[in-house]
């Protein structure tokens, strides 16, 4: 969600999104490491393709997650819901 979408939510909906969007850095780091291992295996085995592109996309989504969480926290702070 971007800042514009977050500003259109009601207070209750925003609190529900915040409740469901708690970061889990240990799990994220483990999963990103696992996906990097898949990419390295794909490069070593010379099998470029979907096996390489899917983990790259998932890693991108994991790295984008903290920015979304920061936007959510900013909106909560603006509404004095924190």
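Computed from label points 7 Å out along Cα-Cβ, the spacing between residue 67 and residue 20 is 2.2 nm.
Below 8 Å, C-alpha to C-alpha, sequence gap of six or more: please give me the relative contact order for the chain in percent.
Values: 38 pairs, mean separation 39.0, N = 82.
Computed over the chain, the figure is 48 percent.
Angle of helix 50-78 to the longest C-alpha principal axis of the chain, folded into 0 to 90 degrees and rounded to 10: 20°. Here the label points at residue 80 and residue 58, each 7 Å from Cα along the C-beta direction, are separated by 4.4 nm in the simple model.
Taken together, the values in this text are just the output of simple stated rules run on the coordinates, not laboratory data. Fair warning: this is a prediction, and the values are worked out from it, not measured in the lab. FYI the Cβ positions are ideal-geometry reconstructions off the backbone, even for glycines, and counts take in every protein chain you see.
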